Each structure stands twice: as structure tokens, then as C-alpha cells.
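Have a look at the structure below, then the notes.
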Amino acid sequence: MSFILDTALGNAAPFPFHSGPVPQPYELALTPEFIQQTRVRVRNYKPSIDLSNSSDSEWSDGPPAKTISALAKYWAEDFDWYEVQQKMNSDFSHYTVTIPKTSRYDAELPLHFVHERSSDENAVPLLLLHGWPSTHQEWAKVIKPLTSPENISTKSFHTVAPDIPGFGFSPSPPISGLGPREMAVVFDKLMAILGYKRYGIATTDLGWQVGMWMVEDVGENIIGHMTDFFIPQPTPDDFDRLKSNKTTSQEATYLQSLQAYMNGHAAYAAIQAQAPLTLALAMSDSPVGYAGWIWHLMHTVSDGYAYSYDEVITSTMLLWIQGTYGNLRTYKEFYKPGLMDFPRTSVPTGVSQWLNPSGPYPEMKDFPFAPRDWIERVANVVYFSGHDFGGHFPAVSQPKCWVDDTRKFFDLITS
């Protein structure tokens, strides 16, 4: 079976994509015409105005005009996608496969994924699941340390890092209904196709939500679930105790930071969940506009990590190449009622938490540093680690610490 993508940018596909029931090697390759068309759109970007009483460090409304204009200038004149593409192809082994229809989702799903096997045949199979605004590239700094550790006596992993459908080089879902529970079954089938009957998962962001349904729906196949992102949902009793000053200081801090996020920094999620196509009509037309959309969130939650222009542009390109609707609409599927109401799992769970003290907003410093006992309401927590740094993308900003936590957890549950 063969799939060739169309995009919102014209009739020509931005990259060939051939997929079938058996995994086959794949080379990432955007067409020269698409690269040129993108560069033209970047050059034609029209900067916004800035308020006369704002500064270059003021991001509350979004990236300042001077900042985003400098990014656009670099993108148009200096950014080399072919160099980025060559590095991605040389660093990792890429594959495609088509996942057949399941009892939960009535369409085939072609997937792109990275698969790196350790030289140790007894290595732990590990599925890495990213969120938004990420792709398999979120794991670029941790895959090799996991697969081929410098110390040969250290535990190693067979790593599998897919692009979620609609992200990167995995085509967008052809029909609605692909939520976290449906993805849970899809990625379990991917691991089965690769010969991994039992495996671990490491998740973040939207990938965490998929992982939480994997331990419920296909838990017999999961060795353990390690996550750097866990958002336990407060109960009515929790809010009542907060109003009555009966919460612990950590509970109060978590609730306050959660409310600060929802009230002041979650507009992107609400729009993507409620009007994804309306938003995509604009974002798919402007690569620089989309860069500003995702850069604003990255700047807010990354603990002051200084993203390079190359990192911002590459992240944008990987979400923009097939049009933005597919990845933006994921929020509509994931935010449906009940999909955060996880049954308690007995699958061993590891949690690493990362504070955001160097981010631009003090009210976000403790987000999402949830109390361990709240997490234990739904998870069998056997490993728990807290870091007063790192922010929301620790596999990018703190890869060594992230790998250490992941390895310690799987050492604990497989020794």
C-alpha cells in the first residue's frame, strides 16, 4: 500500500511517503519545490507592530516583533533545511509502517518512527511518546545514550520513537476519532509488529495521556511507565480543602500553579481544542506565524532554556510540512470529557518532576510539581524524582538527567 501526502500549500506533496504492513527503511526528504516555496513565504512575512511601552523581553502577548522578525530573517537567509535533514537521516534509523484498523479506530494509520536497537539483545524495549509542539525530534539527545551507553555495564534500551499521527512525517489521521485511547492501541500494535511483546514506555505531555491509557487498555504488555509530566486532576474535595485552608503547602502550591496555567497560559490549548481548523487556516499559510505560536509556549515553560533559531525553525518545520490542522486538532480529540479520568493502574510507574524557576512568569515556577500522593491516586508509583530546574522539555534541556531518571526507574523494576 502506498500513501503520498497532499498539503495546504499546493498540489505537490512535500515528501513521498510509502508505507505497508511490514516496516521498511525510510529516508526523510522534503521536495526542493516545497523548501523554495517555504522560503518565499518566510521572506514575505509581514511583521506585527509592537506597543511603544513594551520591551524586547516582554512576551506576554507573544514573541515581540523584533524577536520574530530576526527569526524570519535568519530563516530566509541562513537556515539550511537540507543540513538538518541530513543530520536526522544520519543520526537515526527511520522507518514507516501502516497500522491496520483496530476495534477502536476505523482507519489504517501510516506511521513514521525511529527504531534504534541496542547491541545487547536483552536490552529493554522502550517506546518514547512525545506531545505538542514536538515530534520524534524531542528525543534526539537521549536516544543514543539510552541505546548505546558509554558504560557497557549500564542498562540499555531498544528505542522506538514514532511521530504521533499529524506530527512530523506521520500522516494526519484520515478520519476523526483518534484520541489517546485509540492511539494507545495503535502504538501497542506498532511494538507488536516490531517483535516486542512486553516493553516499557517513556512519555511526556500528550504522550503521557496516551501512556496512561496504554497501562489501562494494554497493561499486560507494559513493563513500566516512566513520565516527566504528570497532571493529577484535583477533586471537588481538594478545592474545598483549599478554600478552607486545609491543604498542605505543596497541595496549595500545585493548585495555585495549575490555576495560573489554566487562567493565563493555556489559551493555545483551548483554541486548538475548540476551533482547530479555524486556527490551522492561518497557521498553515504562515510558517513564521506558526513559529511564533509554538515558540511562545516553549519560551513560557522551558525554564529559561535558550532555544536557538535552528531549534525553533526545525520544530516548526516538522509540524508545518503537512499543514498544521492534523497536529492542532489532536487537542480536540484529547480534551473530550472523561479522557483524564484514569482508572488506577498497577503497572509500575516512575515520575520525574521538573520546576520552571528561570521561566519568564513567577506564577509558573512550580507547574506542574504535583504532590506524590495525588499521583498515587491513579498510579503505582515506585520511583519518584524531583528537580528544581528543567522545565517542560527536560529531554531537550536536561538530557543527561532525564536519561539518568529513566534508567534508574527501569533498573529498579527489572532488577
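The values are calculated or read from the model by the stated rules, or taken from the named source; none is laboratory data. The structure displayed is predicted, hence computed values, not measured ones. Cβ atoms come from the backbone with ideal geometry, glycine included; neighbour counts cover every protein chain shown. Ligands, DNA and RNA are excluded from the accessible area calculation, which covers all protein heavy atoms including side chains. Shrake-Rupley method; radii C 1.70, N 1.55, O 1.52, S 1.80 Å.
Here are the numbers for this structure:
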quantity: Of all residues in region 348-379 being assigned to a helix (DSSP H, G or I) and of a type in the set (A, V, I, L, M), the one that is modelled with the highest pLDDT; calculated: ILE375
quantity: All positions within region 49-75 that are open to solvent by 70 Å² or more (accessible area, probe 1.4 Å) and under 18 Å from ALA282 (Cβ atoms); calculated: ILE49, ASP61
quantity: Test for VAL40: is it farther than 22 Å from ALA282 by Cβ and either exposed (fewer than 13 other Cβ atoms within 10 Å of the Cβ) or β-branched (Val, Ile, Thr) (or both); calculated: no
quantity: Filter result (assigned to a helix (DSSP H, G or I) and hydrophobic (A, V, I, L, M, F, W, C)) within region 226-270; calculated: PHE239, LEU242, ALA252, LEU255, LEU258, ALA260, MET262, ALA267, ALA269, ALA270
quantity: Test: GLY304 is touching a residue at least 24 places away in the same chain (Cβ under 8 Å) and not in a helix (DSSP H, G or I); calculated: yes
quantity: Some residue of region 267-276 being open to solvent by less than 20 Å² (accessible area, probe 1.4 Å) and within 28 Å of CYS401 (Cβ to Cβ); calculated: yes
quantity: Scan of region 278-291 for residues that are among the small types (Gly, Ala, Ser) and buried (at least 23 other Cβ atoms within 10 Å of the Cβ), ordered by number; calculated: ALA291
quantity: Condition broken by VAL160, with the remaining ones in (1) surrounded by fewer than 21 Cβ atoms within 10 Å (Cβ to Cβ); (2) within 29 Å of ILE313 (Cα to Cα) satisfied; calculated: (1)
quantity: Only listed residue being assigned to a helix (DSSP H, G or I) and more than 24 Å from PRO234 (Cα to Cα), chosen from GLU311, GLU333; calculated: GLU311
quantity: Qualifying positions in region 367-381 - open to solvent by less than 40 Å² (accessible area, probe 1.4 Å) and touching a residue at least 40 places away in the same chain (Cβ under 8 Å); calculated: PHE367, PRO368, ALA370, PRO371, TRP374, ILE375, VAL378, ALA379
quantity: Qualifying residue in region 215-225 (condition: touching a helix residue (DSSP H, G or I) at 6+ places or on another chain (Cβ under 7 Å) and part of a loop (DSSP other than H, G, I, E, B)); calculated: yes
quantity: From the options PHE389, PHE409, PHE384, PHE393, residue that is open to solvent by less than 60 Å² (accessible area, probe 1.4 Å) and either more than 23 Å from ASN151 (Cβ to Cβ) or within 20 Å of the chain's Cα centre (by Cα) (or both); calculated: PHE393
quantity: Selection count where residues are in contact (Cβ under 8 Å) with a residue 24 or more places away in the chain and more than 18 Å from HIS115 (Cα to Cα), scope region 185-221; calculated: 17
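Each row is one residue, and each column tells you yes or no for (1) closer than 19 Å to TRP402 by Cα; (2) touching a Gly at 6+ places or on another chain (Cβ under 8 Å); (3) open to solvent by less than 10 Å² (accessible area, probe 1.4 Å).
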residue: SER90; (1), (2), (3): no, no, no
residue: ARG117; (1), (2), (3): no, no, no
residue: GLY131; (1), (2), (3): yes, yes, yes
residue: VAL142; (1), (2), (3): yes, no, yes
residue: GLU150; (1), (2), (3): yes, no, no
residue: GLY168; (1), (2), (3): no, no, yes
